[in-house]
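The values are calculated or read from the model by the stated rules, or taken from the named source; none is laboratory data. In this text, all values refer to a predicted model and were calculated from it rather than measured experimentally. Because the Cβ atoms are built from the backbone with ideal geometry, glycine has one as well, and the counts that use them run over all protein chains shown. All accessible areas refer to the heavy atoms of the entire protein, side chains included, with ligands and DNA or RNA removed. Shrake-Rupley method; radii C 1.70, N 1.55, O 1.52, S 1.80 Å.
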Amino acid sequence: MKKTILTGIRPTGNLHLGHYFGAGQNWVKLQDDYEFYLEIADVQGLTDNFNNPEKVRTNVYEIVKDLLAIGIDPKKVHVFIQSRIPEIAELTVFYSNLVTVARLQRNPTVKSEMLQKKELFGNEGESITYGFLGYPVSQAADITCFDGELVPVGEDQAPLIEQCREIVRKFNSIYGEVLKEPEGLYTETRRVKGLDGNEKMGKSLGNAVYLVDDPDTISKKIMGAVTDTKKIRKDDPADPEVCMVYYYHKLVNNEENNKTICSECKKGARGCVQCKKELIQAMNDFLKPIQDRRKHYEDNPDEVTAILEEGHIAAKEKAREVMKNVKKAMKIDY
Ligand code: TRP
């Protein structure tokens with residue numbers, strides 16, 4: 001029997017290269033060999049956007065189209081919307097007794113997100129909701145509600161997987177061996193740097209290249225990318241390893257070209273403008289098939305709805321079965 005994969009994504013914006021190389025590409029590779037549930041985590045998206053429901057609603061469809069565009073095959077993957085499976089919310093309540101507030105506050109992902117909020121809003125305490133603090137519990141429910149055994153995610157999610165494993169062990173030790181303890185599956189290219197050289201590409205950082213970016217946008221973004229700051233003149237030798245343009249060449253261009261680019265750059269035989277132009281071309285070539293596939297779903301929104309309906313039916317069936325066992329173990333199977 002195939003092992004089960006569960007992963008999720010918050011619908012709060014379109015997919016960018018960080019999502020693609022950090023996780024999406026890996027999901028496409030995995031879809032042949034596993035029973036695959038892919039959750040559009042709209043409830044989790046609302047933890048940070050509860051006052052902007054329209055944004056989450058719109059992005060549910062945007063994200064689904066992006067996922068289909070990168071090659072997620074709806075015949076192989078159950079793509080479903082989190083809020084349509086109330087069992088997840090129910091399970092979250094049951095789990096909330098099995099985790100301490102102190103443990104949640106120590107969760108490194110929660111901790112760093114709290115710091116970000118502090119920077120944004122000044123007062124940490126005022127901006128931290130009960131729902132935000134508890135979202136790792138909800139994510140543990142996302143995974144276990146479908147018997148997820150493997151969870152392919154970026155490495156930033158590792159503390160959430162660890163927290164889930166702890167909850168599972170606690171549950172099983174009290175109520176009996178009912179839940180599967182999941183394992184994280186981390187991608188090779190774990191993190192993609194931003195156009196500005198920041199270690200992380202992110203929407204809030206304003207340094208992302210989106211899969212939906214048109215050639216004009218791509219051109220502007222790449223022209224503004226950070227290169228080796230020590231290179232002043234066109235024929236100065238430079239260090240490609242500190243240049244974001246070379247960094248993206250390595251992601252989207254072929255090996256042969258990249259070898260040439262690297263050696264020319266080191267010798268001072270290549271100007272940055274030329275190099276950026278070549279990257280724009282390579283980036284557009286890379287995005288073209290993705291955007292063509294996306295266009296098909298933009299033109300056929302009924303297909304997207306049907307895909308989500310099929311995914312929902314499969315997810316619902318699984319969640320019902322798991323919930324039955326959970327309630328029985330907890331002696332609340334009235
Ligand atoms: N927290 C994940 C993110 O921000 C999204 C997510 C929600 C998820 N539920 C999940 C990931 C379950 C893996 C498993 O990207």
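Remarks
- More than 16 angstrom apart: percent of Cα pairs within region 171-244: 67
- Peptides 110-122, 140-152 ranked from most to least packed, by the mean per-residue count of other Cβ atoms within 10 Å: 140-152, 110-122.
- Packing-based ranking, highest mean first, of 39-48, 169-178, 303-312, 270-279 given that Cβ atoms within 10 Å are counted: 39-48, 270-279, 303-312, 169-178
- As a ratio to 2.2 N^0.38 Å, the alpha-carbon radius of gyration for region 85-236 is 1.36.
- Only Lys, Arg, Asp and Glu carry charge here, each on its Cβ (+1 for the first two, -1 for the last two); on that basis the chain has a dipole of about 620 debye about its Cα centre.
- Portion, in percent, of the accessible area of region 213-293 that falls on carbon or sulfur, probe 1.4 Å: 51
- Dipole of the chain, positive end: most advanced residue of I81, A329, I232 [Cβ charges, Cα centre]: I232
- Cβ-based charge dipole, the chain, positive-most Cα from V209, T144, V93: V209
- Out of every Cα-Cα pair that region 35-133 contains, those further apart than 18 angstrom amount to 60 percent.
- Within region 213-293, the ratio Rg/Rh, alpha carbon atoms throughout and Rh by Kirkwood, equals 0.98.
- Alpha-carbon gyration tensor eigenvalues x 5, square-rooted, for the chain, Å: 40, 23, 18
- Highest mean packing first, where packing is the average number of other Cβ atoms within 10 Å per residue, the peptides 228-237, 200-209, 248-257 line up as 200-209, 248-257, 228-237.
- Accessible surface comparison of Y61, Y130, Y20, probe 1.4 Å, protein chains only, largest first: the order is Y130, Y61, Y20.
- Whole-Å distance, taken between Cα centres, linking region 246-290 and region 143-193: 37
- Environment charge of K230, counting only residues whose C-beta is closer than 9 Å and scoring Lys/Arg +1, Asp/Glu -1: -2
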